[in-house]
1. Could you please find all residues in the stretch 68-115 being in a loop (DSSP other than H, G, I, E, B) and touching a strand residue (DSSP E or B) at 6+ places or on another chain (Cβ under 9 Å)?
2. Could you grab the pairs with beta carbons closer than 9 Å, sequence gap of 6+ or different chains, first residue in the stretch 247-276 and in contact (Cβ under 8 Å) with a residue 40 or more places away in the chain and within 18 Å of Gly177 (Cβ to Cβ), second one loosely packed, with under 12 Cβ neighbours inside 10 Å and of a type in the set (Asp, Glu)?
3. Just checking, how many residues over the stretch 39-97 are more than 14 Å from the chain's Cα centre (by Cα), polar (S, T, N, Q) and buried (at least 18 other Cβ atoms within 10 Å of the Cβ)?
4. Mind listing just one residue for me: the one in the stretch 204-226 that is assigned to a loop (DSSP other than H, G, I, E, B) and not small (Gly, Ala, Ser) and, of those, surrounded by the fewest Cβ atoms within 10 Å (Cβ to Cβ)?
5. Which condition number in (1) in a helix (DSSP H, G or I); (2) of a type outside the set (S, T, N, Q); (3) more than 23 Å from Leu175 (Cα to Cα) is the one that Val258 fails?
6. Using the structure shown, decide if Thr247 is polar (S, T, N, Q) and at pLDDT below 90.
7. Looking only at the stretch 128-144, count how many residues are more than 17 Å from Phe172 (Cα to Cα) and either in contact (Cβ under 8 Å) with a residue 60 or more places away in the chain or assigned to a loop (DSSP other than H, G, I, E, B) (or both).
Amino acid sequence: MTDQPDTGENAMPAFGVPTIRSVNWAGLKTLYVKEVRRFFKVQLQTVWAPAITTLLFLVIFTVALGGRDRQVLGVPFADFIAPGLIIMGMLQNAFANASFSLLVGKIQGTIVDYLMPPLSVAELLAALAGGAVTRALCVGGAVWLAMALYGLDVVPRHPLAILWFGLLGSLFLALLGVLTSIWAEKFDHAAAVTNFVVAPLSLLSGTFYSVESLAPTFRTISHFNPFFYIISGFRYGFFERADSDVTLGGAILLALNVALGLLCYVLLKRGWKLKN
């Protein structure tokens, strides 16, 4: 027997020396997979039901507003609204997923499962937002496939624009969902944000019409709606036509994501409405 410390691979670190020196990739992956499995276990409700609902929107609006004979921005009306419906489904489901996780933890008293593991605030935020973005991509892929089989022109012409506005748009709603789940104290609060903020902004953002056809006052108001830039840029990826400057819209969306991400980080760091 010797008093020499063990210096092998199984040696315990000295007191006060962190064992996770940079990013806790294992913990980040575990929480991300947990978030994905949570919505994938009920994929009929979280992925396929939104796809069917979006197709119903497509059928109803095309029949009610002129079918395939009407054109907007030089393309058939059904083709025009298809990209907007795809990204709208992605945005709403990204918000729904992110606004659920922390909120249900607070209501059920299991919030400690999110706060106690050795995860930094950035890692916790990345896992929650990543799970929501993954759900948005699954819904977007399902809706796109259904519309392609329906016979619409949804061939990507600018994949970079589709990726940029699809990913950053989904991330924006995911961060908004995290912010909502931090603030909300019951499901009614989250539902209020969905019904009075997310749904109206997404429906009044040019999904079913061209903003250029509006009166000047309403056109100006539309340019203050962040959803407008997401849908306009996403549509540009399919038809090379947009209601706004795509570069400006992409920059605004990036700035909004940075600002909202910092706000979520600060609130999680302080434990606002989480540790009280």
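1. To start, the set of residues in the stretch 68-115 that are in a loop (DSSP other than H, G, I, E, B) comprises 68-70, 73-74, 109-111.
Passing the criteria: Arg68, Asp69, Arg70.
2. Close Cβ pairs satisfying both conditions: Lys273/Glu185.
3. Number of matching residues: 2.
4. In this case the residue turns out to be Phe224.
5. Looking at each condition in turn, Val258 falls short on (3).
6. Considered against the rule, which asks whether it is polar (S, T, N, Q) and at pLDDT below 90, Thr247 comes out as no.
7. Residues meeting the conditions: 2.
The values are calculated or read from the model by the stated rules, or taken from the named source; none is laboratory data. All figures in this text were calculated on a predicted structure; none of them were measured in a lab. Note: ideal-geometry Cβ built from the backbone for every residue, glycine included; neighbour counts use all protein chains shown.
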